[in-house]
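Input: a single structure, listed below in structure tokens.
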Amino acid sequence: MTTATLDDVRRVVADVPDPELPFVTLGDLGVVRDVQWHGDTVLVTLTPTYSGCPATEVIARHVVEAVTGLGLAAEVRTVLAPAWTTDWITERGLKALRDNGIAPPHQGSVSVTLGRHVPSCPRCGSSGTEEVSRFGASACTALWRCRSCGEPFDHVRPL
Amino acid sequence: MITRTDLSLATYCLRLGDDALVMSHRFGEWVTYAPQIEEDVALANIGLDLLGQARALLTRSGELAAGDGPAATEDDLAYWRDERAFTNVHLVEQPRGDFADVTVRLLWFAAYQHALYAALTDHPDPTLGGVAAKAVKEVAYHLDHATQWVLRLGDGTAESHRRAQDAVAAVAPYVDELFTDDELVTDLADAGLAVLPSSLRAGVQSVVTAVLLQATLTPVTPTWHARGGRAGVHSESMGPMLAVMQHLARSHPGASW
Ligand SMILES: [Zn+2]
């Protein structure tokens, strides 16, 4: 018999690392929408970052494993609305991205028309950077290069 | 109890989902064929966004058509329907062509999807509204990507200009079908449950025309129009494409990885 509470569940779910960017957690990304009892089962509601993000199913599996680790049965439900935005990434998440060489998205970007925002280099801080490719190694990143230190870096595209 | 409106809405979701699914498959075909590795990655990522839209839309279509009965899943609909049951427009099923072809095709399709999803974000069906609200932001990136490349190709070398202009002419007959109304969508639109395709025409055309002109390309008026995709009548390239897309699921039912 487990004595885990919903707060315990919320904590372990928030601590599940993102499979593609393992230094940020689901809590950092802001993708956990709700944690509720549904009979004897914990129902965790997640929202995907990108519609086609291949990590979504891996994340759901890891969430179920984390809750099962508390001795509870879990089910994951995905909701699309309201749509996730990079504005939901927490301060901690933004810092974790920067600390790991990834330029975080600028905030307040919930526009459907694209601004021309230039991220600064996560390695040397220079603002002399240029986009190499709008689409990068994962669904949420673009590939950029720093003209000062010469290093390429990933940039989480504002969405 | 399944209402007529539910069935119509199921078909509407299927149409939007089939457009996204088939276009996604064609983009997947570009991997290792694009002119540079960054474009392999870009086209694959755009295909992935479209696949995400397709999965949600096909799932919803299956639910709406089933009522309280067992619903067809996204996989049932993607892998186990035959050609005549696919409701996508001809534009998305056209063979890969060259890089100018895919770029100009994406310019039209992304401009269309962007206008469509922007108009569907407040749809009363939570899934359809949710997909639209999410996808409209992703499609903005697709549209921007296509725009940047059309400008570069059209206003680039003599060779890239010639091929981009050929691509503009090649896609022209497939554009009108995107903006064609029929009874089903008209009835749904009257009930506030669909966007009338014809209502998107002027806005999309002006977006695309502005890009073409800036790219020093000339818009082309086609001499014929593709028809019939929504009713399951497809062009010659659809069958071979489906044979590839459905082969694994049909030869190894229940396969997983
Ligand atoms: Zn630098």
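The values are calculated or read from the model by the stated rules, or taken from the named source; none is laboratory data. Quick caveat: nothing in here was measured; it's all calculated off a predicted structure. Every residue, glycine among them, receives a Cβ derived from its backbone with ideal geometry; neighbour counts consider all protein chains shown. These accessible areas exclude ligands, DNA and RNA; they are computed on the full protein's heavy atoms, side chains included. Shrake-Rupley method; radii C 1.70, N 1.55, O 1.52, S 1.80 Å.
Please average, across the residues of A:139-149, the number of beta carbons from any other chain that are within 10 Å of each residue's own beta carbon, and give a whole number.
Other-chain Cβ atoms within 10 Å of each residue's Cβ, averaged: 1.
Ballpark to the nearest 100 Å², how much total accessible area do A and B bury together, probe 1.4 Å?
Adding both sides of the contact gives about 2200 Å².
Just check region B:136-193 against the gyration tensor rule for me: Cα atoms, a ≥ b ≥ c as the square roots of the eigenvalues, rounded for a/c under 1.5, and otherwise prolate or oblate depending on whether a/b exceeds b/c.
Judged from the Cα gyration tensor, region B:136-193 comes out oblate (a/c at least 1.5, b/c at or above a/b).
Amide H to amide H, which residues 5 or more places from A:Glu151 or on other chains are under 5 Å from it, using H placed in the peptide plane?
It is A:Cys146, by chain and number.
Dipole of the protein assembly as shown, Cα-centred, from +1 at each Lys and Arg C-beta and -1 at each Asp and Glu C-beta, to the nearest 20 debye?
Here the size comes out at about 760 debye.
With θ set to phi - 60° and the Karplus curve 6.51 cos²θ - 1.76 cosθ + 1.60, what are the ³J(HN,Hα) couplings of region B:98-106 in order, to the nearest whole Hz, using x for Gly and Pro?
9, 5, 5, 4, 5, 5, 5, 4, 5
Is the shape of the protein assembly as shown rounded, prolate or oblate, going by the alpha carbon gyration tensor and its root eigenvalues a ≥ b ≥ c, with a/c under 1.5 for rounded and a/b larger than b/c for prolate?
It is oblate, given that a/c is not under 1.5 and a/b is not larger than b/c.
When you look at the Cβ of every residue in B:124-132, what mean number of other chain Cβ atoms sits within 10 Å?
3
A:Glu130 to A:Arg61: extension gain in nm, 0.36 nm per residue of separation minus the Cα-Cα distance?
Stretched fully, the A:Glu130-A:Arg61 segment lengthens by 21.1 nm.
Give me, ordered by chain and number, the residues 5 or more places off A:Val132 or on other chains with an amide H under 5 Å from its own placed amide H.
A:Leu143, A:Trp144, A:Arg145
Per residue, what accessible area does chain B have, given a 1.4 Å probe and all protein chains present, in Å²?
Accessible area per residue, chain B: 42 Å².
In sequence order, what are the phi-derived ³J(HN,Hα) couplings for region B:47-56 according to the Karplus relation 6.51 cos²θ - 1.76 cosθ + 1.60 with θ = phi - 60°, rounded to whole Hz, with x for glycine and proline?
With the stated coefficients, region B:47-56 comes to x, 5, 4, 5, 5, x, 4, 4, 4, 5 Hz.
Counting only other chains, what is the mean number of Cβ atoms within 10 angstrom of the Cβ of each residue in peptide B:49-55?
Average neighbour count from other chains, rounded to a whole number: 4.
Please list A:Trp88, B:Trp80 from largest to smallest accessible area, probe radius 1.4 Å, with all protein chains kept in place.
So, going from the largest accessible area down, we get B:Trp80, A:Trp88.
Order the following by accessible area, largest value first: B:Phe99, B:Phe179. Probe radius 1.4 Å; ligands, DNA and RNA are ignored.
The residues order as B:Phe99, B:Phe179, largest area first.
In region B:173-218, carbon and sulfur make up what percent of the accessible area (probe 1.4 Å)?
Values: 1140 of 2020 Å².
Within region B:173-218, the accessible surface is 57 percent carbon and sulfur.
State the extension gain, in nm to one decimal, for the chain segment bounded by B:Asp75 and B:Tyr33, taking 0.36 nm per residue of separation less the distance between their alpha-carbons.
Gain on extension, B:Asp75 to B:Tyr33, equals 12.4 nm.
Per-residue HN-Hα couplings for region A:89-106, Karplus 6.51 cos²θ - 1.76 cosθ + 1.60 at θ = phi - 60°, whole Hz, x for Gly and Pro?
Values per residue, Gly and Pro as x: 5, 6, 3, 4, x, 4, 5, 4, 4, 4, 5, 10, x, 10, 6, x, x, 6 Hz.
Tell me, which cysteines of chain A are without a disulfide-compatible partner by the Cβ under 4.7 Å rule?
For chain A, the answer is A:Cys53, A:Cys140, because their Cβ atoms have no other cysteine Cβ under 4.7 Å.
Would you please give the residues with an amide H less than 5 Å from that of A:Arg33, counting only those at least 5 places away or on a separate chain, with H modeled from the backbone geometry?
HN-HN under 5 Å from A:Arg33: A:Thr45, A:Leu46, A:Thr47.
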